[in-house]
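Asks: Below you'll find the structure I mean.
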Amino acid sequence: MAEMQGGTSRRDTLKLGGAAGAFALLPLETLQHAFAMPSEMAGLPWANRAMRWMQVAFTEDNPIDYDPQFWFDLFKRTHADGVCLSAGGSFAFYPSKVPLHHRAKYLGDHDIYGDMSKGCRALGMNIIARVDPHALSPEAFAVHHDWCAYTEDGKPRRHWAAPDLYVTCQNGGFMFDFMPKVLKEITTLYAPDGFFGNRWAGSGMCWCNVCRTKFRAATGFDLPRSDEHDDAVTRAYDEWDKQMRWAQYTLWNDTVKAVKPDGFFCPNGHMSDPRAFIPLVAIDRQGRSGLTPPWMNGKYAKQARSVSGDRPVAGLFNVGYEEPYRWKDSVQASPEIESWVHSGMAQGFRPWMCKFDAKVIDPRWVPVVEKIYEWHWRHDKYFRDTENLARVALVNSSYAYADDLRPKVADAQNGYYQALVESRIPFEMVDDRLLDPAQLARYRVLVLPNIAVLSDAQCAQLRAYVKAGGRIVATGETSLHDETGKRRANFGLADLFGCDFAGKIDEPVHNSYLTPRPPHPLVRGLENAPRIIATVEQLHVTPHDKAPQPLTLIPSYPDLPMERVYTFVTKSDISMVFCREVGKGRVVYFPMDLARTFWEVLSGDHLLLLRNAVEWAADEPQPLNVTGPGLVDVAYWRQKESLAVHLVNMTNPMTMKGPYREILPAGPYVVTMTLPPGVKPASVTLLESSQPAKYRRDGDRLIVDVPRIAVHEIVAVDLV
């Protein structure tokens, strides 16, 4: 819920990236329990109520150079109802009496946390206290060498960005003795509603004597020196680390609750133990950089919701620049901030602005944040979602993949995500640990983009889903590896795919092609294409029968010298897709990395195949159809007394290489929404345009004209 990890190892990246924040590694039984909770139990009442969050991360000089009234006025103007304030840990922003709790350099007799907390309470805001325990002061190190993290060669680890400080050990006395005293003191003095722990789980592996002794006692092993994920000692370390984090989380959470029974501790990053229940989920993905697409914030929201159920989920953003250089005191362009935040809000995030440093050096961010929050407040009821009406779900993999598989899985997921966004197919995400019938019943189609690792039990769940009438679309190595990452002799879902793995994968494949074979719906739109590009990875498979398939392979042939760029194989019967009806369901399987190659190349022909696969599998109209120009991300939500269609305009030359310089409005659009049974519209309004919509009924469909989208239009349907 604050700055991203600095200097992470590959193992840390596996833990912190990919799945949804604090719940990335939760096992199946816990996730089922979370989804089984009724809405009123999904969080504390105030957590369910608070919709707009602010965070002020203090710096050491803030006690003497910040203006608290600026923040109180901003909170009022933005209708913020929750705030996160830095309290203690590595630095104390209140007059702490805990020995070795390093007071901020210019704290003196000030109490910046207490003063800000008091002012926010007067505004009726809920307060979460931020603690960050990752840095160790020289004074504490002088007394407790054992609180420090050590490198593999036995040296105390200096902080990577502030060399006068040290890095704390995640398993020693700082976390398990000192920090509980800090939490108890803050709870006793100020009674915050909860705590957030930034960098609470350590900053990479520590080889200190405490870690060596505890790990050896628990496992019989010495600490691993290998960073290979399939190494037995490394796997033992990963499991031990999860147990240590559970012990730490339990201690901190119980410490808070002992003083304030309705309080809680919310950890940033991974929290893998099944017993953890966090009533307010905050996802720390503060902005984009490099080639991150603007829809990624919406993806983070979907990933979080796939495991958090009905709990409120907030999406952090900041106004400065993110990774890798982290210019926090500067300001991104307003169109970039606006587009990133609206992408998340459309998919269910509650906005959470994080400001590093309480003084305002560059105020250019203030108007755009006010604009976002005021608009969100004005249309508050249309963001209190109770159900997403999508019928398609993209499966999210929870496994920590080995180095050779990890990028393939991530890129395949992004590729199919991009294809669904471009196709304007409303979709959710499903965690692969939640494949039981109760969770899947709402979805007509599950998309598995190279979900290589699946257990036998997960394969059985997918098999039952299809035979009961569900549909799946899968690509590449889906189900070819068991839950340990070991390659199977055959696909775990071979009976659904209609083919067996023949033991060989070709990669990277150059200059290979696919032959569309109309009139199958899978190749609709490619009737005039004699061949299209194939993929970089191709799996050898043996079909179960000789039924003709609509896409076949032209094998790779030389791409140099130019005189040799031709093939004698102009047609083959090598199937590169299997479209089958299984029981009451349907299955599409591509024995190639179609989604991953699409992410790399963005071929329009591949987009057609990925879109057609979902549409053929679904064999029913989508609940939402949007026609019009450009790239638009969509979502279809239901609230207690309304329906809301979100349309986020991503039509911009900077979409695939940010940041946005300006907003380029697009339109017009026609939105066709299928109304849920028993629903009767009373009025239809365009919230961004602030005007009634022109609409008409056609049976159970509502057809709405949307003349223009600037950033984020919402078609709001109030119900009778």
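Asks: Confirm whether ASP81 is surrounded by fewer than 22 Cβ atoms within 10 Å (Cβ to Cβ), charged (D, E, K, R), in contact with a Lys or Arg (Cβ under 8 Å, 6 or more places away or on another chain) and farther than 30 Å from LEU223 by Cα. Can you show your working first?
Replies: Values: surrounded by fewer than 22 Cβ atoms within 10 Å (Cβ to Cβ): yes; charged (D, E, K, R): yes; in contact with a Lys or Arg (Cβ under 8 Å, 6 or more places away or on another chain): yes; farther than 30 Å from LEU223 by Cα: yes.
So ASP81 passes the test.
Asks: For TYR382, indicate whether it is touching a residue at least 40 places away in the same chain (Cβ under 8 Å), closer than 28 Å to ILE127 by Cα and in a helix (DSSP H, G or I).
Replies: Numbers: touching a residue at least 40 places away in the same chain (Cβ under 8 Å): yes; closer than 28 Å to ILE127 by Cα: yes; in a helix (DSSP H, G or I): yes.
Here the answer is yes, as TYR382 does meet what is asked.
Asks: Then there's this: Pairs, please: C-beta under 9 Å, at least 6 apart or cross-chain, first residue over 13 Å from PHE264 (Cβ atoms) and assigned to a loop (DSSP other than H, G, I, E, B) and in segment 40-52, second of a type in the set (Lys, Arg) and modelled with pLDDT of 60 or more?
Replies: Sorted first by the residue in segment 40-52, then by its partner, the pairs are ALA42/ARG311; ALA50/ARG350; MET51/ARG350; MET51/ARG384; ARG52/ARG350.
Asks: Among what's in segment 467-486 and is over 23 Å from ILE574 (Cα atoms) and within 27 Å of the chain's Cα centre (by Cα), pick the residue that is surrounded by the most Cβ atoms within 10 Å (Cβ to Cβ).
Replies: Initially, segment 467-486 is screened for residues over 23 Å from ILE574 (Cα atoms), giving 467-471, 481-486.
From what's left, within 27 Å of the chain's Cα centre (by Cα): 470-471, 481-486.
Values: GLY470: 24, ARG471: 27, HIS481: 22, ASP482: 17, GLU483: 12, THR484: 10, GLY485: 17, LYS486: 11.
In this case the residue turns out to be ARG471.
Asks: Let me ask another. Could you list, in sequence order, all residues of segment 173-205 that are more than 14 Å from GLY89 (Cβ to Cβ) and crowded, with 24+ Cβ neighbours inside 10 Å?
Replies: Scanning segment 173-205 gives a single hit, GLY194.
Asks: Of everything in segment 147-188, what is acidic (Asp, Glu) and free of Cβ contacts under 8 Å to residues at least 60 places away in the same chain? Give them in sequence order.
Replies: Filtering segment 147-188 down to residues acidic (Asp, Glu) leaves 152-153, 164, 177, 185.
Passing the criteria: ASP153, ASP164, ASP177.
Asks: Would you point out which residue out of ALA618, ALA613 is under 25 Å from the mean Cα position of the chain (by Cα), surrounded by 15 or more Cβ atoms within 10 Å (Cβ to Cβ), closer than 28 Å to LEU446 by Cβ and in contact (Cβ under 8 Å) with a residue 60 or more places away in the chain? Give the derivation first.
Replies: Details: ALA618 fails: under 25 Å from the mean Cα position of the chain (by Cα).
Among ALA618, ALA613, only ALA613 is under 25 Å from the mean Cα position of the chain (by Cα), surrounded by 15 or more Cβ atoms within 10 Å (Cβ to Cβ), closer than 28 Å to LEU446 by Cβ and in contact (Cβ under 8 Å) with a residue 60 or more places away in the chain.
Asks: Only one of (1) under 21 Å from the mean Cα position of the chain (by Cα); (2) at pLDDT below 95 is not met by PRO38, so which one is it?
Replies: Here PRO38 clears every test but (1).
Asks: Determine the pairs where a residue that is farther than 20 Å from VAL536 by Cα, located within segment 391-415, has a partner that is among the aromatic types (Phe, Trp, Tyr) with Cβ atoms under 7 Å apart, the partner being 6 or more residues away or on another chain.
Replies: Final answer for the pair search is ARG391/TYR443; VAL392/PHE427; VAL392/TYR443; ALA393/PHE427; ALA393/TYR443; LEU394/TYR416; LEU394/TYR417; LEU394/PHE427.
Asks: Quick one: would you say PRO676 is under 24 Å from VAL341 (Cβ atoms), in a loop (DSSP other than H, G, I, E, B) and not polar (S, T, N, Q)? Show your work before the answer.
Replies: On the way: under 24 Å from VAL341 (Cβ atoms): no; in a loop (DSSP other than H, G, I, E, B): yes; not polar (S, T, N, Q): yes.
The answer is no for PRO676.
Asks: It is to be established whether one or more residues within segment 492-515 are among the hydroxyl-bearing types (Ser, Thr, Tyr), over 16 Å from LEU609 (Cα atoms) and over 27 Å from the mean Cα position of the chain (by Cα). Give the steps one after another, and end with the answer.
Replies: Restricting attention to segment 492-515, the residues satisfying the condition of being among the hydroxyl-bearing types (Ser, Thr, Tyr) are 512-513, 515.
This time we only want the ones that are over 16 Å from LEU609 (Cα atoms), so: 512.
Retained after the next criterion (residues that are over 27 Å from the mean Cα position of the chain (by Cα)): 512.
Yes, segment 492-515 contains at least one residue that is among the hydroxyl-bearing types (Ser, Thr, Tyr), over 16 Å from LEU609 (Cα atoms) and over 27 Å from the mean Cα position of the chain (by Cα).
Asks: I'd like the residue in segment 577-604 that is crowded, with 18+ Cβ neighbours inside 10 Å and of a type outside the set (A, V, I, L, M, F, W, C) and, out of all such residues, is farthest from the chain's Cα centre (by Cα).
Replies: Result: ARG580.
Asks: Then there's this: For segment 519-549, which residues satisfy the criterion of being surrounded by fewer than 19 Cβ atoms within 10 Å (Cβ to Cβ) and hydroxyl-bearing (Ser, Thr, Tyr)?
Replies: THR542
Asks: Which pairs turn up if I take residues in segment 240-263 that are more than 18 Å from PRO133 (Cα to Cα) and look for partners that are of a type in the set (Val, Ile, Thr) and part of a helix (DSSP H, G or I) with beta carbon separation below 7 Å, at least 6 apart in sequence or on another chain?
Replies: Cβ pairs passing all conditions: TRP240/THR219; VAL259/THR187; VAL259/THR188; LYS260/THR187; GLY263/THR187; GLY263/VAL256.
Asks: Filtering segment 325-343 down to residues that are part of a helix (DSSP H, G or I) and not charged (D, E, K, R), which residue is nearest to VAL366 (Cα to Cα)?
Replies: Kept after step one, since they are part of a helix (DSSP H, G or I), are these residues of segment 325-343: 334-343.
Narrowing further to those that are not charged (D, E, K, R): 334-335, 337, 339-343.
On the way: SER334: 9, PRO335: 13, ILE337: 11, SER339: 15, TRP340: 16, VAL341: 14, HIS342: 16, SER343: 19 Å.
Per the stated criteria, the residue is SER334.
Asks: Being within 24 Å of GLN413 (Cβ to Cβ) and at pLDDT below 95 narrows it down to one residue among THR478, THR535, THR484; which is it?
Replies: Selected residue: THR484, the only one of THR478, THR535, THR484 that is within 24 Å of GLN413 (Cβ to Cβ) and at pLDDT below 95.
Asks: Continuing with this model, one more query. Please verify whether segment 624-647 includes one or more residues that are small (Gly, Ala, Ser) and without any contact (Cβ under 8 Å) to a residue 60 or more places away in the chain.
Replies: As a first pass, look at segment 624-647 and keep what is small (Gly, Ala, Ser): 628, 630, 635, 642, 644.
Applying the additional criterion that residues be without any contact (Cβ under 8 Å) to a residue 60 or more places away in the chain yields 630.
Yes, segment 624-647 has at least one match.
The values are calculated or read from the model by the stated rules, or taken from the named source; none is laboratory data. Computed from a prediction, not measured in an experiment: that's the story for all the values here. Neighbour counts run over all protein chains shown; Cβ positions are idealised from the backbone, glycine included.
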